[in-house]
Amino acid sequence: MTGDENWPGGADSPPELPAELVALIGRTKGFMPAAEGTALTRLAAEAFRIGPVLEIGSYCGKSALYLGAAARIPGDIVFTLDHHRGSEETQPGWEHHDPETVDPATGRIDTLPFLRQTIAEAGFEDVVVPIVGESATVARHWRTPLGMLFVDGGHGAAVASADYDGWAHWVAGGGILAIHDVFPDPADGGQPPYHLWLRALESGAFTEAGREGSLRWLRRTTGRAGDPVV
Ligand code: SAH
Ligand code: MG
């Protein structure tokens, strides 16, 4: 899968992105439709006023380009986290598997070389900073308040809820929690991201702030980074 099917081009292309970046996004493998990616750029631009952005689920960097495009000043940083071994649905035999992402030397998925290539081609090496590791492991050592947390990692129930448990409380007051692949109807997709969204709402710490396609975002309206959000 090249992601080209996600890129309508023409009239729907985000006008504020430079043409070369739009072209690079179009040829970057991934799972981020243009309208949702454009929403990410807008959200990141707002979030940078509060703190850095952290994305769970880099894959090959498609969404990271939309987030990085919002950076304006030194210090506007997008951390993008992934163990680069793929999710359940990208393993061989599964719907979203791409054989090109398999390292022939090991037979395992390795999307890190694709991510590095994407970031370098965009000229975003000072903006988009990869973190390579298991989400829960990194979360245990994270201490930095976030302007925005974008959750687009593993979609299994255990992994998704670990992402919430490990990361959601690091959203700063006034910051944004954005969740991808939110499908209230099980016929449209797996439920864990939707349950994560419900959990955020029910915590009382977040208030719904918008939707675009399967992307939903909430604003942290009570407490501050580090305070529990359960
Ligand atoms: N945002 C990407 C798509 C992400 S796909 C885009 O725009 O195209 C989901 C990614 O989450 C996969 O690359 C997978 O390796 C990663 N992932 C899944 N579970 C993870 C975990 N527990 N820790 C770190 N990364 C994980
Ligand atoms: Mg996704």
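What follows is calculated from the coordinates using simple rules that are stated; it is not laboratory data. Just so it is clear, the structure is predicted and the values come from calculations on it, not from any experiment. Neighbour counts run over all protein chains shown; Cβ positions are idealised from the backbone, glycine included.
Mind grabbing the base-10 log of I(q)/I(0) for segment 33-88 at q = 0.18, 0.24 Å⁻¹? Debye formula, identical points on the C-alpha positions, no solvent, two decimal places. Normalising to I(0) and taking log10 leaves -0.57, -0.91.
Using 1/(1 + (r/R0)^6) with R0 = 25 angstrom and r between the beta carbons of Asp185 and Thr207, what's the FRET efficiency to the nearest 0.05?
Values: r = 23 Å, r/R0 = 0.93.
E(calc), rounded to 0.05, equals 0.60.
Couplings 3J(HN,Hα) of segment 37-50, computed from phi: x, 4, 5, 4, 4, 4, 5, 5, 4, 6, 5, 4, 5, 9 Hz, in residue order, whole Hz [Karplus 6.51 cos²θ - 1.76 cosθ + 1.60, θ = phi - 60°; x for Gly and Pro]. Extension gain, Ala19 to His141, is 40.1 nm, computed as 0.36 nm per intervening residue step minus the present C-alpha separation. For segment 81-217, the C-alpha radius of gyration sits at 1.12 times the compact-globule guess of 2.2 N^0.38 Å, with N the residue count. The charge dipole of segment 81-230, taken about its Cα centre with unit charges on the Cβ atoms of Lys, Arg (+1), Asp and Glu (-1) only, comes to about 740 debye.
Summary value for segment 93-230: 21 percent relative contact order, contacts being C-alpha pairs under 8 angstrom separated by 6+ residues.
Here, P(r) means the percent of Cα pairs in each 5 Å bin from 0 to the largest distance; for the chain it is 1, 7, 15, 20, 22, 17, 11, 5, 1, 0. Over the C-alpha atoms of segment 136-230, the Rg to Rh ratio, Rh being the Kirkwood estimate, stands at 0.94.
Once C-alpha pairs closer than 8 Å and six or more residues apart are averaged by separation and normalised to the residue number of segment 123-189, the relative contact order reads 36 percent. With contacts defined as alpha carbon pairs under 8 Å and 6 or more residues apart, what's the relative contact order of the chain in percent? The normalised contact order for the chain reaches 18 percent. Packing around the peptides 100-108, 173-181, 215-223, 85-93, taken as the average count of other Cβ atoms within 10 Å per residue, puts them in this order, highest first: 173-181, 215-223, 85-93, 100-108.
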